[in-house]
Structure formats: C-alpha cells, structure tokens
Amino acid sequence: MDADPLARGLDTQADRLALLEAMERRLLWLSAWTIHHANALRENTDGVKVGGHQASCASMTTIMTALYFHALRPCDKVAVKPHAGPLLHAIHYLLGTQTCEQLQTFRGFGGAQSYPSRTKDAIPVDFSTGSVGLGVAITAFASLVQDYLLAHGHLPHEKAGRMIALMGDAELDEGNIYECLIEGYKHELRNCWWIVDYNRQSLDATTADRMFDRFGDIFETCGWRVVTLKHGAAQRALFRRPGGEALADWIEACGNADYAVLTYQGGAAWRRRLERDLAGQPRTLALIAELDDHALYALMTNLGGHCLQTLTEAFDAAAGDERPTLFIAYTIKGRDLPFQGHKDNHAGLMTDGQITALRERLGIAVGEEWEPLAGIGDELAPAFHALLEEKREAVTRPEPHAPRVPIPAELATPAGARQSTQVAFGKIMLDCAKSDAPFARRITTTSPDVTVSTNLGGFVNQRGLFRRTGMSDVFAEMNAQSPQKWAGGGTGQHIELGIAEHNLFLMLAALGLAGPHFGTRLLPVGTVYDPFIARGLDALNYGCYQDARFLLVGTPSGITLGPEGGAHQSIGTPLIGMSQPGLTFFEPAFADELALIMQWAFEHLQADPGGSVYLRLSTRPLDQPERDSGGWREDALKGAYWLRPPERGAQLALAFAGAIAPEVMRAHEALVEDVPGLGLLAVTSADLLHREWSAAQASRWTGRRPATSHIERLLGPLAPDAKLVTAIDGAPATLSWLGAVRGQRVAALGTDRFGQTGDLADLYREYRLDTDAILDATAELFL
Ligand SMILES: Cc1ncc(C[n+]2csc(CCOP(=O)(O)OP(=O)(O)O)c2C)c(N)n1
Ligand SMILES: [Mg+2]
C-alpha cells in the first residue's frame, strides 16, 4: 500500500489541481465570511464601520493557494499584502494554527488584526504589513541579511529560503520599491520573489494603462527575471485555435478600465463588446459563439493569476535558481464576488443576500459557515486533509530561538578631556571593532553614504565592508593614501548603502529581525544625519512596529551643527524619539554617558521586553566633567541625573539635554550665588523620563501599586513652587513638560525656527540658547 495518502488519492496533475481549487474555494469563503461576520453579524457598539477588503482578498485567493499549498518551502518567509490578511488567517485556521474565536473577533479587540502583524497576531507572521510598499521592500533586505548570515557562517546553507512578497499592483507606485531595487542590484540580490496581484485597480480607481509594460522593463534593468502571467491555461488553449489570435490581440489592447467594467457586467456584456470589436473576424466570432454567457465570462476572467495550473508551473519553473523574480499575475479584483471588477470595490462589502448566494454556490450549509471543511464533500476530504498535513511545516513553523549575545559589563569611556559625542561614538565603535569579545562579531553597521562623516569609518577599517563577492580597495592597492580602507568581502561587517535613508531603516528592520527570522541575533547599528531621519520615518515606524531591534545614531544634530546651515539642523527629532513606540531616545552630552548608554543599548536590543534605541549626537567638542563617583550612572540610565544636586527647598533648577551643556553650566555658575542650592539636571533621556512618569500616573489611576517615577523623585527636593529653566538644541517641548510633574513654572528654551549658518556663539544668541538667554529666562520666571 502506498504510504502517501496524497499520492494514493491523487494520481494525476488534474486531481491535484482540483484539490487546490477546493482549497481556493475554502479560502475565498473564509476570508469573505470573516469580514462579513465582523461587519454584519457581530454586535457593533459604537457605529464605527468595521471594514475589511473582500475584493482584495478574492483577487489574491488563487495566488495564495498556489503559493502556500504548492510552492512554499519551510525556510521561505512571506510578506502578505496587508488587505489580504484575512486569507492568511484562513490558511492558518485550516491548518489548525488559528482559532475560530480569533476569526470571529477579526478587527475587534484582541482578535485577528486587520493587517498581518508580527506582534499582535496569534499566528506566525514573518513580516508585518500595512503601509503599502514597505512589506514588499523589506523582503529584499531580509534576503540581504540572509546572505550576510550565510557568508558569516551564522546560517547553514540548507536553512536558506526565499523571501517572498505578495503585493498589490498599486504598491508598485511607492517610491521605496525603486530605492530598494537599486540597492538590491548593487548587493546582488537573490532568493527574492515578488508576486504582484495585478488586478489593475488601486483604492480609488483603475490603474494607469500607460504603465502596462514599464514595470517589467524597470525590474529587468535591475537584474530581475520578470514572469508575466497574463493568461490562464484556458485562454492560452483558445488562442491556439483558429481565430484565437485575434482574441489574444484584443485582450492585449484592452484598457484596464474596459477590462474591469466588462468583468463587472458579465458574460452578456463581454459578448456584446467582442462581437462589435471583432466583427471582421468570423473565426473568432465562431469561437465566442461556442460559449454561453457563463462560459464566456469564465474564459475572459481566466487570467494567469486565477489559474492554478499557470501559477504552479510558473513557481516550479522559477524554483530551480536563485534569481530575484517578479511575477506579474493578472487578476480580477473581487473575482467571483458581486462587485468584481467594479472600480469602487476596494472597501466593498457583500450584503446578506449576496453572502447567502455565495454560501449556496459553494455548497456550504446554513450553520456550517465556520466549518473548516464545509463544502468540500466526503470524497475529497481525505486528500484535503493530506494536503494540509503536507504543507503544515512549511506554513506554520515556529520562529527559531535566537540565544542572547553576552555584552561586556562595561564599554570603556574614550579618553579625551574634550570631545564630542559623535567622536566618542566613533571611538567606542572602534574599540568594539578591535575587541575579541563574541559580541563584536555580531555588530553589523550600516549607513546611507554617511559612514565616514558619522565617524563609523574606524569600525569599517577594522571589520571591513560586507560584499557577497569580494571587492578590493583600489586606492590602497595603488598606494594612494586614505584613512578609509574600503575592502569588502563575505566577512565584512558594514553594509554600505546609497543615499536613501528609507533603505537604511528597512535594512535596520531586516537586520533587527535576524534573531526571529534566522535564529542568530545581530546587533545592528545604523548612522544617519539627524535631520534626515525624517526621510525614513515610515520605515522607522514600520521597523519598530514589528519589534525589530537596532541602534540608530542620528548625528550631527541641531543648530550646533553651525556652518552647515538651516536645512541640515534638526529640530523635531527629539519629539520623534519620544513619540515613537519601540524606540528609546537618548541625547547624551558627555562621552562617559554615551559609553554607559551604548552598553545598556546592546542589552536592551536583546531584552524582553526591550526595543530599539536612538542616540541623538553632536559634533561639538565639550570639556568632559570630572566625576567624584559613579553615583550618577544609575540615574543617567533612567533618563536624568543631578550634575549639581539641588539643596532641599531650592527655588530653581536648570535642566538641559545634549550639546548645549556648557551654556547651561555657565548659567549655573552665574546664578548659584544668588539662588542657594540651585540644581543642575542633566537629562539623558527625556523619553524614558516621560514614559515612566506617564506609566506611574497610569498605575495610580488603575489602582495598581502606587508608583513614583524617576523624575518625580529627582524633582522632589525642590521647593514646591520652585522654577525650572529647560534647554535643548531642538524642540523646546522635549523638556517643557517637566514643569507639569509637580506643577512648577517653566521657561523652556530650544529651537522652533529653521536654523541658519553661523558659528555657535552667533547661533545660540540668535536662537536664545546662550548663557545670557538662560539668565534672562530665569529672571523672567521670578518677576
Ligand atoms: C502607505 C500607504 N498609503 C495608503 C494606504 C491606503 N491603501 C490601502 S490599500 C490601498 C490601495 C492598494 O491597491 P493595490 O496595492 O493594488 O491592492 P488591491 O487592493 O488592488 O489588491 C491604499 C491606497 C496604505 N495602506 N498605505
Ligand atoms: Mg490592485
């Protein structure tokens, strides 16, 4: 007896396809029903539309069937088009890794998420998606990370898989796709598949005909194989018959909107149009006349992306090599649903009557709507079970455990009585590069063409550039002197990116998921000019949302950048750092603070709960403080410490963050005789302070253990009506809230206008950040 039930029950390819078609019907139903249930059946308590995308799911049902139940291998990872999320949940439901309750609470509190989420969903999700384009592009970076791990011996070759994106055609409009294509080409991208659900519709309308052929050209230029799946097997068979060619030509010339509206109107409309347009082609008309309206409709919607045979053959054909491949699979948005092809169907929801008709058409009995095998029939059920069994491992594999990387208890403070935080950062990284400790091998640095100017050059000199195929340092070979030694190879630890900050964040996100994706943690460190963080904000948010772990260094920052001028002088980045979940923001002033924070950061990247870390640094050299003891360290890691502790009942404190420390320290010296016990607070992380303060308030509110936050304790010794002057080279709101902690009056100094060129004395005077400004602000508070 044959041991393989699938082989036993399914002798032919036709049987196999019939089984996949049954799967496709199951996925169509479960996705449509999940959305219908959330919108029409579940109690709605607030009148807010629940939503969901039945049309976008229907469009991708065949593709996902072919991928998940035919092509997928256990080491592959998939980013699913955000609004096809219900299909992914349906797949896991059939495999037993998703519960009925989760489907029934789709888009509800604690239920299956609207869009696949690594952190919020109960099923394994390889990549969170939602912001269109990002889920696509990160698969290319994940593939580069896989190559990095392979080359470094962190991943055995048999564990390598393909990084696959299932994407909508409108995602091809997102610029980040093309930035990533360029970077991918430079890094010899491989093992990456993007499968486009080419339904010729976006959210608002049908998409532009003029782009028909261009996408393929662009990808081919960037080294991709492009596989266009325009026609299903039935269409291709008909094209081969006499008269078929004219129909093929007609389809080729048909515009997106025409194809969509005819699909919506159905067989009779197709017939009227084809008979009119092909009036001079009797043999073609004869072919059409053979088909009744339903068969004609079925033929015209037999597109590549709805033909399991076409899809599975294409996937098989591409599986033999590692070339990055773009599959353009033509589909119908809302296929087989009442609003199919209609340009307004993006958020369309079926009515009760329409879902009932679909249920009946699929042979599902009333009351069996959630039955996994409803409508399958007894005959097919054993083979259906066997198919699920066969694919279970590839689809449901748990993420590997990635052991923690031990971090040294201390990172040494760089020597130097006068130095900037950016220079100190470079020296600490250089020390790491020279270290034999295992953690140094796990550091991966990356930068969008600002490696040298953010002081990462020393690290790169020691550890080299990562290149899959070796790259010699031509300048060194030709004995041309340069402090930067840029040889590259498989053991290199710096991934140099072109100037596309968005790519930096996608790269950091992919590196920061190396642990859960591949079982080896990396310690990614990315540098960027602080103002240009804004260029990659959505990708930063995206990385944090999926709990990727990385250290981001924004440097130089603020008007302290001086002569570089206004557009380079960051203002709002501290507020970005404070408001971004999953990212802890620090702005140290001194080298010893930085060394302490970086050690903490390498631990925090691996902690649970933990997260990513953002350091806002500066090129301004500062005199380093002489410390009596290490007592400040614990407080600095909580967000602030008293550089000059206040006396109990003091009437005033000055608080500052970062590079304007000298101005504030001089103000302190000037005021301390007049204001006895004047305190000077060094804020290392306004973010940590504020979060902990909020959390403490929340815990009191929820009646849990009464908590006092660090900032409440720090400000405790001041007189209740003491005044605060805060100063930061950035948005003053970063620190102005300190006054709310105990209800104290605040003068919040900072920048809220664009900067300009100048030396620091001029700029600090102009922007009210110099010592005089601080004295002035203090006087005003006491008036
Ligand atoms: C960055 C971003 N902008 C806008 C949206 C809102 N949005 C969600 S889906 C969509 C259209 C997607 O069309 P397509 O990719 O072709 O997918 P389809 O639904 O047609 O399969 C838009 C604009 C979003 N999710 N992300
Ligand atoms: Mg579309």
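General remarks:
- Selection count where residues are surrounded by fewer than 20 Cβ atoms within 10 Å (Cβ to Cβ) and either within 14 Å of Asp547 (Cβ to Cβ) or without any contact (Cβ under 8 Å) to a residue 12 or more places away in the chain (or both), scope the stretch 119-149: 3
- Considering Leu103, Leu88, Leu67, the condition of being surrounded by fewer than 24 Cβ atoms within 10 Å (Cβ to Cβ), in contact (Cβ under 8 Å) with a residue 24 or more places away in the chain and either within 16 Å of ligand 2 (Cβ to nearest atom) or closer than 14 Å to Leu27 by Cβ (or both) is satisfied by Leu103 alone.
- Taken together, Asp213, Asp217 contain a single residue that is within 30 Å of Thr469 (Cα to Cα) and away from ligand 2 (no atom under 16 Å from the Cβ), which is Asp217.
- For Ala298, the stated conditions do not hold, so it cannot be described as modelled with pLDDT of 95 or more, more than 16 Å from ligand 1 (Cβ to nearest atom), surrounded by fewer than 20 Cβ atoms within 10 Å (Cβ to Cβ) and farther than 17 Å from Glu24 by Cα.
- Looking across the stretch 592-618 at every residue that is of a type in the set (A, V, I, L, M) and within 26 Å of the chain's Cα centre (by Cα), the one that is surrounded by the fewest Cβ atoms within 10 Å (Cβ to Cβ) is identified as Ala607.
- Note on the stretch 718-759: among residues that are in a helix (DSSP H, G or I) and of a type in the set (Ser, Thr, Tyr), the one that is nearest to Val683 (Cα to Cα) is Thr734.
- Selection count where residues are among the charged types (D, E, K, R) and touching a helix residue (DSSP H, G or I) at 6+ places or on another chain (Cβ under 8 Å), scope the stretch 237-257: 2
- Considering residues of the stretch 150-175 that are surrounded by fewer than 19 Cβ atoms within 10 Å (Cβ to Cβ) and not in a loop (DSSP other than H, G, I, E, B) only, the residue nearest to ligand 2 (Cβ to nearest atom): Asp173
- Helices (runs of 4 or more DSSP H) lying entirely in the stretch 411-508 (those with 2 or more residues that are in contact (Cβ under 8 Å) with a residue 40 or more places away in the chain): 421-434, 438-442
- Residue count for the stretch 386-411 under the criterion of being more than 30 Å from Asp126 (Cβ to Cβ) and either surrounded by 20 or more Cβ atoms within 10 Å (Cβ to Cβ) or touching an Asp or Glu at 6+ places or on another chain (Cβ under 6 Å) (or both): the result is 1.
- Cβ pairs under 7 Å, 6+ apart, first in the stretch 174-191 and under 18 Å from Gly130 (Cα atoms) and in contact (Cβ under 8 Å) with a residue 40 or more places away in the chain, second part of a loop (DSSP other than H, G, I, E, B) and within 16 Å of ligand 1 (Cβ to nearest atom): Glu174/Val132; Glu174/Gly133; Asn176/Gly133; Ile177/Gly133
- When restricted to residues that are in a helix (DSSP H, G or I) and surrounded by 19 or more Cβ atoms within 10 Å (Cβ to Cβ), the stretch 270-295 contains 6.
- Total residues in the stretch 568-581, condition part of a helix (DSSP H, G or I), in contact (Cβ under 8 Å) with a residue 60 or more places away in the chain and small (Gly, Ala, Ser): 1
- Restricting the stretch 176-209 to residues that are closer than 30 Å to Gly320 by Cβ and assigned to a strand (DSSP E or B), the residue that is nearest to ligand 1 (Cβ to nearest atom): Asp197
- The set of residues in the stretch 676-712 that are outside any helix (DSSP H, G or I), touching a residue at least 60 places away in the same chain (Cβ under 8 Å) and of a type in the set (A, V, I, L, M, F, W, C) comprises Ala682, Val683.
- Residue within the stretch 356-371 that is more than 30 Å from Ile164 (Cβ to Cβ), among the hydrophobic types (A, V, I, L, M, F, W, C), surrounded by fewer than 13 Cβ atoms within 10 Å (Cβ to Cβ) and in contact (Cβ under 8 Å) with a residue 60 or more places away in the chain present: no
- Filtered residues of the stretch 62-93 (kept if over 24 Å from the mean Cα position of the chain (by Cα) and within 23 Å of Met350 (Cα to Cα)): Thr62, Thr65, Tyr93
- Flag for Gln98 being in contact with a helix residue (DSSP H, G or I) (Cβ under 8 Å, 6 or more places away or on another chain) and within 23 Å of Leu388 (Cβ to Cβ): yes
- Qualifying residue in the stretch 70-93 (condition: within 20 Å of Ile355 (Cβ to Cβ), among the small types (Gly, Ala, Ser) and away from ligand 1 (no atom under 14 Å from the Cβ)): yes
- A single entry from Gly558, Gly554, Gly565 fulfils the requirement of being touching a residue at least 60 places away in the same chain (Cβ under 8 Å), over 22 Å from Phe425 (Cα atoms) and not hydrophobic (A, V, I, L, M, F, W, C): Gly565.
- The criterion of being of a type outside the set (Ser, Thr, Tyr), away from ligand 2 (no atom under 16 Å from the Cβ), surrounded by fewer than 16 Cβ atoms within 10 Å (Cβ to Cβ) and under 30 Å from Ala137 (Cβ atoms) does not hold for Asp204.
The values are calculated or read from the model by the stated rules, or taken from the named source; none is laboratory data. Remember, it's a predicted structure, so these values are computed and weren't measured experimentally. Counting neighbours? That spans all protein chains shown, and the Cβs are built from the backbone with ideal geometry, glycine included.
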